[in-house]
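J.: Questions regarding the structure given below will be posed in turn.
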Amino acid sequence: MLKIQNNINYFFKDLDILKKALTHSSINYKSNYENLEFLGDSIINFFITEWIYKKYPHLTENEMTVMKNQYINKDYLSKISNILKISEFASIDKNIEISTKISCELFESIVAAIYLDSNIKNTKKFLNKNLIKNFEESDKVIDYKGELIIFYQKKIIGNLIIQTEQLNESKIFISKISFNKYHFYGFGFNKIKAEQNGALFACKHIKDTILQKRVC
C-alpha cells in the first residue's frame, strides 16, 4: 500500500478506503470501487468546471464545454491513471483485461477516496497536479490530424473541413473538425495542439463507429 501512496503523493489515514478504491467487482461484488467511482466522476466534473469558469471567464458556454471535455474524457483520465500506475495495485480477476474504461474508473475512485479520507482542498491539490499541469505541460504530439487526413484520402470520410481560431486574443485556440455532417472540437494553448485534440475525438469516432460498421 505504501508504493501506490508514493505514486499518487497522498498518504491515507484510512487504508480501508484505499483498499476499496482499488477493488474491482470481479473480486468483491459487494465491497468494490463502483460507488467511489460515481463520486469521483462528479468531483472531477465539478473541479474542472469551476477551474475553467474562474480561469477563463470570457469563454462562452459552448467553449467552456469543449475545454471541459478535453479534461474529463475517459482516454485522458485513463492516461493519467496509467502514469500513476494505479492499475498495478488494483485487485481484479486475472482474466479481466485492464481496459481504458477500468483505468479511468480506478482514477475516479482514487479521487473520491482522497476526498473522503481528507477534504476538498487536498482533492483539488491532487487534481491540479495530475489533470491540469499534466495537460498544460505535455508536449508530446500524436499525429491524429495526419491520421484523419489518411481516412479522408482513403475515402472513409468525406468533405473534411478543419477550422482553427484564437479566442479573443487569449492564449487559447479552438479547432472545429467537420465531416459527414459530424462536428468535433478541440482546444489547446497553440494551434497545433487544438487541431490534434479535435482530431483525436474525430479519429475515435471513426474507429468506434464507421470502421466498426465496415467490419460487421
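A short reminder: the numbers here are calculations on the coordinates, not readings from a lab. Quick caveat, the model's predicted, so the values are computed rather than measured. Cβ coordinates were reconstructed from backbone atoms using ideal geometry, including for glycine residues, and neighbour counts include every protein chain displayed.
J.: For N6 and I156 in the same chain, what is the full-extension length gain: residue separation times 0.36 nm, less their Cα-Cα distance, in nm? Intermediate values should be presented prior to the final figure.
T.: Values: separation 150, 0.36 × 150 = 54.00 nm, distance 4.58 nm.
So the chain would gain 49.4 nm between N6 and I156.
J.: Here is a follow-up. Just round it to a whole percent: the fraction of Cα-Cα distances in the chain exceeding 24 Å. Please list the in-between numbers first.
T.: On the way: 11379 of 23220 pairs.
The proportion of pairs with Cα distances above 24 Å equals 49 percent.
J.: Between T49 and K129, what is the spin-label point distance in nm, taking each point 7 Å from the Cα along the Cα→C-beta axis?
T.: In this crude spin-label approximation the distance works out to 2.6 nm.
J.: I need the trypsin sites (Lys or Arg not before Pro) found in segment 43-113, filtered to DSSP loop residues with at most 14 other beta carbons within 10 Å of theirs.
T.: Of the trypsin sites (Lys or Arg not before Pro), the ones in loops of segment 43-113 whose Cβ has at most 14 other Cβ atoms within 10 Å are K85, K94.
J.: If r is the Cβ-Cβ distance from K30 to H58 and R0 is 30 Å, what FRET efficiency results, to the nearest 0.05?
T.: Details: r = 48 Å, r/R0 = 1.60.
That gives a FRET efficiency of 0.05.
J.: Can you pull the one-decimal nm distance between simple spin-label points at K85 and N180, each 7 Å off the Cα toward Cβ?
T.: 4.0 nm
J.: May I ask for the Rg/Rh ratio of segment 1-110, computed from Cα atoms with Rh as the Kirkwood radius, given to two decimals?
T.: 1.03
J.: Could I ask something else about it? In segment 156-216, which GluC sites (Glu not before Pro) fall in coil by DSSP and have 14 or fewer other Cβ atoms within 10 Å?
T.: Sites meeting the loop and neighbour criteria: E169.
J.: Then there's this: Taking the Cβ of each residue in S26, S103 as the centre, tally the other Cβ atoms inside 10 Å and list the residues starting with the fewest.
T.: Working: S26 13, S103 22.
Fewest to most other Cβ atoms nearby, the residues stand as S26, S103.
J.: Can you pull out the GluC sites (Glu not before Pro) in segment 1-87 that DSSP calls coil and that have at most 16 other Cβ atoms within 10 Å?
T.: For GluC sites (Glu not before Pro) across segment 1-87 that sit outside H, G, I, E and B with at most 16 neighbouring Cβ atoms in 10 Å, the list is empty.
J.: Send over the per residue convex hull volume for segment 144-215, Cα only, as a whole number of Å³.
T.: 68 Å³
J.: Once every DSSP H run of n ≥ 4 in the chain is given -39500 (n - 2.57) and the sum is divided by its residues, what mean residue ellipticity at 222 nm do you get, rounded to the nearest 500 deg cm²/dmol?
T.: The helix-only estimate for the chain comes to -16500 deg cm²/dmol at 222 nm.
J.: Now for a different question. Semi-axes of segment 35-85's equivalent ellipsoid from the Cα gyration tensor, sqrt of 5 times each eigenvalue, largest first, rounded to whole Å?
T.: Semi-axes, largest first: 22, 13, 9 Å.
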